[in-house]
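The values are calculated or read from the model by the stated rules, or taken from the named source; none is laboratory data. Just so it is clear, the model here is predicted, and its values are computed rather than measured. Cβ placement follows ideal geometry from the backbone for every residue including glycine, while neighbour counts extend to all protein chains displayed. Surface areas here come from the heavy atoms of the whole protein model, side chains and all, with no ligands, DNA or RNA. Shrake-Rupley method; radii C 1.70, N 1.55, O 1.52, S 1.80 Å.
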Amino acid sequence: MINIKESKVDELKPFEGSPFEFREDEGFSQLLESISESGVISPIVVCERNSNFEIISGYRRVEACKRLNIDVIPAIVKELSREEAIVLHVDSNFQRDKILPSEKAYGYKMKLEAMKRQGFRSDLTSDQPGRKLESAEIVANDTDDSKSQVRRYIRLTFLIPELLKLVDDGRIAFTPAVALSYLSEEQQHDVYSFYDEAEATPSYSQAVELKNLSSEGKLNEKAISEIMSREKPNQKEVFKMPYEQMRGLVNPRFNDKQIAEHIIKALKYYNRYLEKRRDAR
């Protein structure tokens, strides 16, 4: 029997240690409109923890209710261990339309560690025939990612925050980022410093070269600068637009991809405007 109760919105707590961010995007605006018109149709999921009700699934619905001054929300109350709650929380958030690489990385890590504590195999390197399923395989079975891809995502958690932010913004591609995760923190800071000065990110081949030199103990600031200064294959001279100036003209919550899409739409609109002016002459 499912236990559904009306819970007071202001007594609900965010899930402790959640890697998933709340974003005021178009989807949230639509959710606000839907709840304003029809109320909360799907109950959220909560569990009791330290005398508080912690939100496992439905944080955006709770936030929408706060914005609309709705005091109570239907909630399914589950009795779960901490590990069970983590697995359900991660799986629920993986159903979202848009997930940042960092959210996916820490989500996989969080779920994998919870499953290890529940007694699943922790060996993530063995591939012998006839072995028991590894934790990473079980995690992968619930997603569209392979076991190897799950491992690669978890590698992103070894990146310093500055580099991981560049991955989220689409300025560093996924595969080069995985290779960079094998560098020491000091080396990663040197890579970021070069990016900050030259606005250049490494290609996959450059990132692998950095990784190999690091494993050989030969990577230093001079080598990083030399490798990242090389012209990339098929690299063409590009026009660089003032980044901070562009960001000041768009929604401050936009990531780099959204900024680019916004600029393209603006240019298309401007071109149509010029065409109408020419036709009017």
Scan of region 243-271 for residues that are charged (D, E, K, R) and modelled with pLDDT of 80 or more, ordered by number:
261, 265, 268
Six or more apart or on different chains, Cβ under 8 Å: which pairs go from a residue in region 41-56 that's farther than 14 Å from residue 80 by Cα to one that's part of a loop (DSSP other than H, G, I, E, B)? Could you list them?
42/58; 43/58; 44/58
Here are 39, 17: which of them is out of contact with any Cys (no Cβ under 8 Å at 6 or more places or on another chain) and closer than 30 Å to residue 164 by Cβ?
17
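Let me confirm something: among 213, 219, 183, which residue is in a loop (DSSP other than H, G, I, E, B), more than 24 Å from the chain's Cα centre (by Cα) and among the hydrophobic types (A, V, I, L, M, F, W, C)? Break it down into steps so the answer makes sense when it comes.
Details: 213 fails: in a loop (DSSP other than H, G, I, E, B); 183 fails: more than 24 Å from the chain's Cα centre (by Cα).
The conditions single out 219.
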Qualifying strands (runs of 3 or more DSSP E) (wholly inside region 1-67; at least 2 residues being open to solvent by less than 30 Å² (accessible area, probe 1.4 Å))
44-49, 52-57
Taking region 206-219 as the search range and keeping residues that are without any contact (Cβ under 8 Å) to a residue 24 or more places away in the chain and out of contact with any helix residue (DSSP H, G or I) (no Cβ under 7 Å at 6 or more places or on another chain), which one is surrounded by the most Cβ atoms within 10 Å (Cβ to Cβ)?
212
